[in-house]
Structure formats: structure tokens, C-alpha cells
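See below for the structure under consideration.
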Amino acid sequence: MAQLSNIQVLTNGVNIQQKVLTNGRAFQFSEILDGEHAYKYYADGEWKKSTSGKTVAIINPTTRKTQYKVQACSQEEVNKVMDLAKTAQKSWAKTPLWKRAELLHKAAAILKEHKAPIAECLVKEIAKPAKDSVTEVVRSGDLVSYTAEEGVRILGEGKFLVSDSFPGNERTKYCLTSKIPLGVVLAIPPFNYPVNLAVSKISPALIAGNSIVLKPPTQGAVSCLHMVHCFHLAGFPKGLINCVTGKGSEIGDFLTMHPGVNCISFTGGDTGVAISKKAGMIPLQMELGGKDACIVLEDADLDLVAANIIKGGFSYSGQRCTAVKVVLVMESVADSLVEKVKAKVAKLTVGPPEDDCDITPVVSESSANYIEGLVKDAKEKGATFCQEYKREGNLIWPLLLDNVRPDMRIAWEEPFGPVLPVLRINSVEEGIHHCNASNFGLQGCVFTKDINKAMLISDAMETGTVQINSAPARGPDHFPFQGIKDSGIGSQGITNSINMMIKVKTTVINLPTPSYTMG
Ligand SMILES: NC(=O)C1=CN([C@@H]2O[C@H](COP(=O)(O)OP(=O)(O)OC[C@H]3O[C@@H](n4cnc5c(N)ncnc54)[C@H](OP(=O)(O)O)[C@@H]3O)[C@@H](O)[C@H]2O)C=CC1
Ligand SMILES: O=C(O)[C@H](O)COP(=O)(O)O
């Protein structure tokens, strides 16, 4: 039986008296609980039970048993939340920028203070290794603070234009531009970074004067609800931040096509392509799948390449959009590289996330089945297995597939799991051709000591980012992050997200006669 106790939290010099639930090892915020394992949703500054009377189960990927339950919010509740968000946004837009920033800094501090219980939810919901789970929460707090600072700088600046720079005009018009919020931002993050990819949408929206409706991924929802409670404790106005839970397949369309939504920021898979087709005339920020290629030239430092392939291809069991998803290596160095990678794969630890293993169970049984389908296809078509294929439940042992050919599915599809294909190439052009023939274009990387060649290859690769001599990565979080083709619309990164969540408004002062300053 869980126990209630009072814990004093010191945040930015402010004492917050809160009730927490001590469950043996970790503790959770009691207000957000509905019973011992179910959670409420958040609207109008309060934690509520859905009137639907239904809940959605969150399955622990390791035990494959129900770990938590969240409310299955109804369409009426979504309608209410949209109204609340619209009203709250109007007054928020009139809140001074420095005050918005102050609240964000406070939320960031509270979030970081609660890194342990939130990380524990990540371990249980998405089987992220324990240390990486803590890192995700800390990184999220830093992202929120950085956004507050960047927002103060970006949004505090407007433009002043004069008319006589355009042919045919006298200096009779002064144009003042400022940056205004869009309204209600709908934020939909994916399972693999539920906290980080939620705050990367929430904080730019808020600093720019927007309100938020968050629909967390089902796997990862409880971590998100804890994160939202940190914003609640920081003292944001009622109705400004709302979090509705439920299966995307059930309430997703209703949310994304809701007339109350003024902007959608989405990260996930093909669902994003469907949303883009259905959404109305509103700004979209879409961060979708990837098939990030790693091109290895003959002069590359193969030890560096092998280390980056391990980090890039196998961290969080390959469940990152920026994971290395295909290695394109020059035939002359392929044997040597494959041997080095094989040796490192053998050292990866495999097991539960609680033990901080390198390879942990993938998020769901359906995901594990999908990965297995790609492995079987590669086997039938003659790929070389560098390790024996092994699976127990959702846990798949790391697997390097050599001599993969373009007729195999794994050459093109993203496994989102710990299975990495190696294609041997005979020219740089062949590598670039394979990379550009993909329907994805998120990131890619090239390994060579020749910076001139690296630049030419980077320019030729049709991807949003190319990393030279390192594995693909989104971070640091203020760097621009974007995909082309089916990998996305628009650009993320703190600065770009703030700019995406505003509109420019101009006021033109028309003078009766030309006026030249000091003229
Ligand atoms: N480029 C990037 O940054 C990233 C890309 N990905 C991609 O996402 C895939 C796996 O992540 P996953 O979370 O499963 O991605 P999904 O696209 O399945 O889900 C992403 C989010 O969308 C929600 N959703 C599902 N259906 C709808 C709908 N009809 N309308 C609105 N929202 C909906 C999900 O909710 P629910 O969980 O309730 O279904 C979840 O919150 C990978 O294959 C990868 O390609 C993942 C992470 C990052
Ligand atoms: O969603 C993802 O997979 C991330 O955007 C990748 O982030 P990372 O490169 O910082 O791990």
C-alpha cells in the first residue's frame, strides 16, 4: 500500500509544499493519481478523471504486463480543453515576456529536481536505460531554460523599415514589425523521447505567447503527465497548458482536425504524413522517420567509425529517428570495419533497462515483430549474419547484417530496433545514390580525413543535416533539426521552433510628406 507524505521542495528560492506518494523506491505526485496505478488528465489547471469512464493501458515493454493506466479522454473533453486553451491564450499573450520566461525557468528547475521519479516512469513505460532516462529529463530542463533565454532575445526584437529603399517610393512610410503568437498549439510527441520532445514543443510555444494542448504518446504518457505537473507547480495560469490522454488512433484525428487548433507540432512516424494531408490551413512542424546513412570512405579512421556506428546505431536499441540505419562502406575497408564493429557489438550488454543495459526491450510486441520481419527477409535474400539472431519477448539482441543488397527491405525501411545493415559500395557516387534514393532525408554522416571530399558529399546528400566524422544526432538542442522528403516539414531546434510558433504583424505609419532623419 502506498504512503502519503509531505515533502518540502525548494525551487528558485520558493518553497512548494506538496504531497507525494512514496512507493518504496520512487515517489510520484499524488494529485495526478487516480487510484494506485491510473493517472488523471490535466485541464483548466486541475487533474481530472475522464467522464468516458474508460482508461488506456500502458504496457511495460520488459514485463509485457500493464504498468499504468491513463484516461481515455472523450471528444467533449477535447472540445472543452480547446475552449479553455483559447481563452487562456488571450491573457497569456498580454503577460510580459520576462514574466513568461521567469515561469519557464521555474518549471525547468522543478523538472530537474524531479528527474528521478520521472526517469523511473521512462524506464517502466518505454524501457529506456536508467541513466539515459535521467539524462532525458535533465536535458529537457536545460532545453526549457535555454528556450526562455532565447525567447527573450528573439521576441524582444522587431524590425523598422523605411519605404524609400524600394524603387518608386519616397520616405513616406515607416513599417514596424513585431512577432505575435499563433494561438493554440497542439503538441504530439513520440514514445522514444516523450518528455524531451514534449518540452521542445511546449516551451517555444509558451514563450511566444501561445497556449498548449499536449497529446502524449500512450507509451510515455505517464512520464509526460509528471512533466506537466512540474509546469503546474511552477504556477502557469489555468487553462494555458492542457494534457489530454488517449490512443492516437482514437482521438488523434479529432485533435488534429479540430478547428480550435492554430498550429501542430508533431514528431513520430508515417502518422505525420497523414496528419499533414488532413490538417487545415495552419502552420505544421513535422519531424518524421529517417534512414540515416553512414558513408565510410577508404581514408576514414575506422576505430572512430566503429565507435560511432555503435553509439549511433545501437543506443536506445536503435529507437532514435537519428540512429545510423544503414552503413555504406567502401569495399576495400569493409572487412576491417565489419570486424571492428563486430568486436564492439559483442561487448554490448543486453537486458532490462533497470540494470542500465545497452540493449533493452523494444517498445512493443508489434515493433519487435516488425523488426523480425525485416531480419527474416534479409536472411531469405542472403545477407551475412555477423551474430546469431536472438529474441526473447520484446528483447532483441544486437545484430549486424553484412553484404546487404538493395533488394532487401532492411536496405530501405527503418527497423527502429537494434539491427543494422551494411551495404558495401565501390564508389562514393554509389553511396550518395543509395542515400538519395530513400524516401527519407533526415540526417546522414560521412567519415573521411579529406574535408574537401566531405563537403562535396555533404552537399550531394539530400538530407536535412550531414555530420562529418560523427554519428547523426539532434542535439545540442539549439541546433537546427529538420528532415526533407518524407522526414518532415519545417525545422526544429530552439530558435527555429520559437520562430515557427509566431506570426509577423506589421503596422505602417503613413506620413503626409517624406521625412528624412536629420535631413
Ligand atoms: N524524426 C523524428 O524525430 C522521430 C521519428 N520517429 C518515428 O516514429 C516512429 C515510431 O514512433 P511512434 O511514437 O510509434 O510514432 P507514431 O507516429 O506512431 O506516434 C507518434 C505520436 O502520434 C500519436 N498518434 C497516433 N495516431 C495518431 C493520429 N491519427 N493522429 C494524431 N496523433 C496520432 C501517437 O499516439 P499513441 O501513442 O497514442 O498512438 C504518438 O503520440 C518511428 O518509426 C520513427 O519513424 C520517432 C521519433 C522521432
Ligand atoms: O526523436 C528522436 O529520435 C530524436 O529526435 C533523436 O534525438 P538525439 O539524436 O538527440 O538522440
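Restricting attention to the stretch 87-110, does a residue exist that is within 30 Å of Leu395 (Cα to Cα) and touching a helix residue (DSSP H, G or I) at 6+ places or on another chain (Cβ under 8 Å)?
no
Rundown of residues vs (1) at pLDDT below 95; (2) among the basic types (Lys, Arg); (3) under 30 Å from Phe479 (Cβ atoms), yes/no style:
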{"position": "Ala43", "(1), (2), (3)": "no, no, no"}
{"position": "Asn60", "(1), (2), (3)": "no, no, no"}
{"position": "Lys106", "(1), (2), (3)": "no, yes, yes"}
{"position": "Ala116", "(1), (2), (3)": "no, no, yes"}
{"position": "Glu120", "(1), (2), (3)": "no, no, yes"}
{"position": "Val144", "(1), (2), (3)": "no, no, yes"}
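Could you tell me whether any residue of the stretch 316-324 is surrounded by fewer than 18 Cβ atoms within 10 Å (Cβ to Cβ) and either within 16 Å of ligand 1 (Cβ to nearest atom) or in contact (Cβ under 8 Å) with a residue 60 or more places away in the chain (or both)?
no
In this structure, does Glu149 turn out to be in a helix (DSSP H, G or I), open to solvent by 30 Å² or more (accessible area, probe 1.4 Å), of a type outside the set (Phe, Trp, Tyr) and more than 13 Å from Ser200 (Cα to Cα)?
Judged against the criteria, Glu149 is a match.
State all residues of the stretch 27-59 that are in a strand (DSSP E or B) and among the small types (Gly, Ala, Ser); if no residue qualifies, say none.
Selection gives Ala38, Ala43, Ala57.
Looking at the structure I just gave you, is Pro415 surrounded by 23 or more Cβ atoms within 10 Å (Cβ to Cβ), in contact (Cβ under 8 Å) with a residue 60 or more places away in the chain, part of a loop (DSSP other than H, G, I, E, B) and touching a strand residue (DSSP E or B) at 6+ places or on another chain (Cβ under 9 Å)?
yes
Take the residues in the stretch 201-220 that are assigned to a helix (DSSP H, G or I) and touching a Lys or Arg at 6+ places or on another chain (Cβ under 9 Å); name whichever of them is surrounded by the fewest Cβ atoms within 10 Å (Cβ to Cβ).
So the residue we want is Ile207.
Could we say that Asp253 is at pLDDT 95 or above, open to solvent by less than 30 Å² (accessible area, probe 1.4 Å) and within 15 Å of ligand 1 (Cβ to nearest atom) here?
For Asp253, the condition - at pLDDT 95 or above, open to solvent by less than 30 Å² (accessible area, probe 1.4 Å) and within 15 Å of ligand 1 (Cβ to nearest atom) - is not met.
Do we have any residue at all in the stretch 342-349 that's aliphatic (A, V, I, L, M), within 28 Å of Gly220 (Cα to Cα), away from ligand 2 (no atom under 16 Å from the Cβ) and open to solvent by 20 Å² or more (accessible area, probe 1.4 Å)?
The answer is yes, given that some residue of the stretch 342-349 is aliphatic (A, V, I, L, M), within 28 Å of Gly220 (Cα to Cα), away from ligand 2 (no atom under 16 Å from the Cβ) and open to solvent by 20 Å² or more (accessible area, probe 1.4 Å).
Which condition number in (1) in contact with a strand residue (DSSP E or B) (Cβ under 7 Å, 6 or more places away or on another chain); (2) under 24 Å from Asn452 (Cβ atoms); (3) surrounded by 18 or more Cβ atoms within 10 Å (Cβ to Cβ) is the one that Asn308 fails?
Failing condition for Asn308: (1).
Quick check: anything in the stretch 279-289 within 15 Å of ligand 1 (Cβ to nearest atom), closer than 30 Å to Lys340 by Cα and either open to solvent by less than 10 Å² (accessible area, probe 1.4 Å) or at pLDDT 95 or above (or both)?
Scanning the stretch 279-289 turns up at least one residue that is within 15 Å of ligand 1 (Cβ to nearest atom), closer than 30 Å to Lys340 by Cα and either open to solvent by less than 10 Å² (accessible area, probe 1.4 Å) or at pLDDT 95 or above (or both).
Only one of these conditions is not met by Phe266: (1) open to solvent by 10 Å² or more (accessible area, probe 1.4 Å); (2) more than 16 Å from ligand 2 (Cβ to nearest atom); (3) among the aromatic types (Phe, Trp, Tyr); (4) out of contact with any Leu (no Cβ under 6 Å at 6 or more places or on another chain). Which number is it?
(2)
For Gly168, are the conditions met, namely being open to solvent by 40 Å² or more (accessible area, probe 1.4 Å), away from ligand 2 (no atom under 16 Å from the Cβ) and at positive phi?
Taking the combined requirement at face value, the residue satisfies it.
One residue is enough: does the stretch 133-146 have a residue meeting the conditions free of Cβ contacts under 8 Å to residues at least 40 places away in the same chain, of a type in the set (A, V, I, L, M), under 21 Å from Ala234 (Cβ atoms) and open to solvent by less than 10 Å² (accessible area, probe 1.4 Å)?
no
Each row is one residue, and each column tells you yes or no for (1) away from ligand 2 (no atom under 16 Å from the Cβ); (2) within 28 Å of Thr147 (Cβ to Cβ); (3) modelled with pLDDT of 95 or more; (4) surrounded by fewer than 19 Cβ atoms within 10 Å (Cβ to Cβ).
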site	(1), (2), (3), (4)
Thr463	no, yes, yes, no
Gly483	no, yes, yes, no
Gly488	no, yes, yes, no
Gln492	no, yes, yes, no
Ile498	yes, yes, yes, no
Lys503	yes, yes, yes, yes
Thr517	yes, no, no, yes
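Collect the residues in the stretch 390-412 that are more than 11 Å from Val326 (Cβ to Cβ) and surrounded by 20 or more Cβ atoms within 10 Å (Cβ to Cβ), keeping them in residue-number order.
Asn394, Leu395, Ile396, Pro398, Leu399, Leu400, Asp402 - these are the residues of the stretch 390-412 that are more than 11 Å from Val326 (Cβ to Cβ) and surrounded by 20 or more Cβ atoms within 10 Å (Cβ to Cβ).
Looking only at the stretch 189-200, count every residue that is in a helix (DSSP H, G or I) and near ligand 1 (Cβ under 9 Å from one of its atoms) and tell me the total.
Of the residues in the stretch 189-200, 1 are in a helix (DSSP H, G or I) and near ligand 1 (Cβ under 9 Å from one of its atoms).
Mind listing whichever residues of the stretch 80-113 are closer than 23 Å to Lys49 by Cβ and in contact (Cβ under 8 Å) with a residue 60 or more places away in the chain?
Val81, Met82, Asp83, Leu84, Ala85, Thr87, Ala88
Asn439 - would you say it is more than 20 Å from Ile310 (Cα to Cα), surrounded by fewer than 20 Cβ atoms within 10 Å (Cβ to Cβ) and at pLDDT 95 or above?
yes
Could you check how many residues of the stretch 290-315 are near ligand 1 (Cβ under 10 Å from one of its atoms) and either without any contact (Cβ under 8 Å) to a residue 40 or more places away in the chain or small (Gly, Ala, Ser) (or both)?
Total meeting the criteria: 1.
Would you check which residues across the stretch 313-331 are of a type outside the set (Ser, Thr, Tyr) and within 9 Å of ligand 2 (Cβ to nearest atom) and list them?
Scanning the stretch 313-331 gives Gln319, Arg320, Cys321, Ala323.
Give the residues of the stretch 179-200 that are farther than 13 Å from Gly268 by Cα and open to solvent by 10 Å² or more (accessible area, probe 1.4 Å), sorted by residue number.
Within the stretch 179-200, Lys179, Ile180, Pro181, Leu182, Ser200 meet the criteria.
The values are calculated or read from the model by the stated rules, or taken from the named source; none is laboratory data. Just so you know, these numbers come straight off a predicted model, no measurement behind them. Methodologically, a virtual Cβ is constructed for each residue, glycine included, from the backbone with ideal geometry; neighbour enumeration extends over all protein chains shown. For accessibility, only protein heavy atoms count, side chains too; no ligands or nucleic acids. Shrake-Rupley method; radii C 1.70, N 1.55, O 1.52, S 1.80 Å.
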